[in-house]
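The values are calculated or read from the model by the stated rules, or taken from the named source; none is laboratory data. Keep in mind that this is a model prediction, so the values were computed, not measured. Glycine also receives a Cβ, built like all others from the backbone with ideal geometry; neighbour counts cover every protein chain displayed.
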């Protein structure tokens, strides 16, 4: 049995296989609106056979954008364009998901092909926020520390983003609590020096994430899964650790989270990261083994046999592909052929299906 192509069911949503398109920023939006680029880019991955297509980080508030070109979900007017995408993905047999995000202290930058620099107000930039007034690096502005009212607004922004995601037809919602963005900033002692109910102890530092989870879950039908992406380690002494991730996973299970998507790093500019094929899979395996919570593995997963081994060995329940899916939008179809699995190709492409 090839495990990679076994269906995966959570609540009332069944993925046709264990291959998930990881959220990848396209920096191709104006005022947060999706465009024809998003429809074609994401639609091609559904045509290519992915079980779940996760849309890129969608900002729940304009100040939560990484760049002015980020996808958004902070106003009802964003919903029809997103609905167009979910409708198409569904016609191709795939499921659709969206990642709700707030960039925190790493917001207000130009996108990578426009230089990546911090934007001044004259360049369209804005004031960034975080748990504490600590800049990400010398090249980043110092954020304003959120007060209680600001924290409550963040929770409400995520709540409204979840409501819109449901209206847009997404079957899975993922909360972005990784890569040094706002929710991760609160979780890590490297970026959170608060002395109130949202800082200090582990329980206080994860409080905002749990409040966002509760608000999001309240807006979702019971039959749709909620995922959370975390950086399972900061790879830095004194920061967030794999054991912290296990501890958090148990709390998230109780809060109604269905899967933990285990990435790592990006909360500090310099970390000793042992980058290599599947280097983050160990954290998905640890969480799954110690808590029973389903996990997703991501990071330099680039070939069919590697992906199959991760799922078959029980290291993770799904694999998330990023750059490899950019190189090959039809990776699932090609992987099925390589692994000797018969899968249905789009009827328009059947004449090109390789024979075994």
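Considering region 263-283 alone, what residues qualify as being outside any loop (DSSP other than H, G, I, E, B) and touching a helix residue (DSSP H, G or I) at 6+ places or on another chain (Cβ under 8 Å)?
Going residue by residue through region 263-283, those that are outside any loop (DSSP other than H, G, I, E, B) are 263, 281-283.
Across region 263-283, the qualifying residues are 281, 282, 283.
I'm checking my understanding of the structure. Among residues of region 165-174 that are within 17 Å of the chain's Cα centre (by Cα) and assigned to a helix (DSSP H, G or I), which one is surrounded by the most Cβ atoms within 10 Å (Cβ to Cβ)?
165
Among the residues of region 197-211, which ones are assigned to a loop (DSSP other than H, G, I, E, B) and in contact (Cβ under 8 Å) with a residue 40 or more places away in the chain?
Matches in region 197-211: 198, 199, 206.
Have a look at 293, 260, 251 and point out the one that is closer than 25 Å to residue 171 by Cα, surrounded by fewer than 22 Cβ atoms within 10 Å (Cβ to Cβ), touching a strand residue (DSSP E or B) at 6+ places or on another chain (Cβ under 8 Å) and at pLDDT 95 or above.
Matching residue, one of 293, 260, 251: 293.
Can you find even one residue in region 106-117 that is in a loop (DSSP other than H, G, I, E, B), under 19 Å from the mean Cα position of the chain (by Cα) and within 24 Å of residue 228 (Cα to Cα)?
Yes, there is a match, as at least one residue in region 106-117 is in a loop (DSSP other than H, G, I, E, B), under 19 Å from the mean Cα position of the chain (by Cα) and within 24 Å of residue 228 (Cα to Cα).
Can you tell me how many residues within region 135-151 are part of a strand (DSSP E or B) and in contact (Cβ under 8 Å) with a residue 24 or more places away in the chain?
Summing the residues that are part of a strand (DSSP E or B) and in contact (Cβ under 8 Å) with a residue 24 or more places away in the chain in region 135-151 gives 1.
Let me confirm something: among 227, 240, which residue is part of a loop (DSSP other than H, G, I, E, B) and under 30 Å from residue 153 (Cβ atoms)?
One residue alone meets the criteria, 240.
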